[in-house]
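Some notes on the structure that comes next.
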Amino acid sequence: MPHCLLPLLLLLSSPQAAEARRETPPTPVQQREVRDAVRAGRIVPLQQVVADALRRYPGTLIEVELDDEDYEYEVEILGPDGVVMEFEYDARTGRLKKMEVDD
């Protein structure tokens with residue numbers, strides 16, 4: 001799999017925001033590779049890290065990406081106060097590595 005950030009969920013908040021980011025959706029091959037990695041236990045399911053992030057910072061899920069080289073999930077949540085929080089998780093263990101305000 002080439003080094004890239006695989007957008008697993010594109011901005012859920014608005015079509016305009018998704019258009020502004022111009023993210024490239026994952027190809028069917030990339031999607032299949034991610035599903036296979038979850039089934040084989042090489043990475044934890046996306047739902048697990050999203051649920052944890054939303055427990056820590058309730059709000060609207062904006063974006064989730066998988067960095068396939070570093071095996072990290074990156075989760076962005078828009079809080080009710082308008083602040084976007086970014087979470088980094090180890091995709092192999094589901095452990096939270098870093099939480100910070102996204103600029």
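The values are calculated or read from the model by the stated rules, or taken from the named source; none is laboratory data. Nothing here was measured: the structure is a model prediction, and the numbers come from that model. Heads up, the Cβs are rebuilt from the backbone with ideal geometry, glycines too, and the neighbour counts pull from every protein chain shown. Heads up: the accessible areas ignore ligands, DNA and RNA and are worked out on the full protein's heavy atoms, side chains in. Shrake-Rupley method; radii C 1.70, N 1.55, O 1.52, S 1.80 Å.
Tell me, which residue of the range 25-45 that is part of a loop (DSSP other than H, G, I, E, B) and modelled with pLDDT of 90 or more is surrounded by the most Cβ atoms within 10 Å (Cβ to Cβ)? Spell out the reasoning first.
To start, the set of residues in the range 25-45 that are part of a loop (DSSP other than H, G, I, E, B) comprises 25-27, 40-45.
Subset that is modelled with pLDDT of 90 or more: 40-45.
Working: A40: 8, G41: 8, R42: 12, I43: 24, V44: 19, P45: 13.
For the range 25-45, the residue satisfying everything is I43.
When Q48 is tested against (1) surrounded by fewer than 17 Cβ atoms within 10 Å (Cβ to Cβ); (2) modelled with pLDDT of 50 or more; (3) part of a loop (DSSP other than H, G, I, E, B); (4) not hydrophobic (A, V, I, L, M, F, W, C), just one condition goes unmet, and that condition is (3).
Which residues, taken from the range 55-90, are hydrophobic (A, V, I, L, M, F, W, C) and in contact with an Asp or Glu (Cβ under 6 Å, 6 or more places away or on another chain)? Can you show your working first?
Within the range 55-90, the first condition is being hydrophobic (A, V, I, L, M, F, W, C), and the residues that meet it are 61-62, 64, 66, 75, 77-78, 83-85, 87.
Selection gives I62, V84.
Given the structure, is L54 of a type outside the set (D, E, K, R), open to solvent by 30 Å² or more (accessible area, probe 1.4 Å), within 14 Å of the chain's Cα centre (by Cα) and modelled with pLDDT of 95 or more? Taking the combined requirement at face value, the residue satisfies it.
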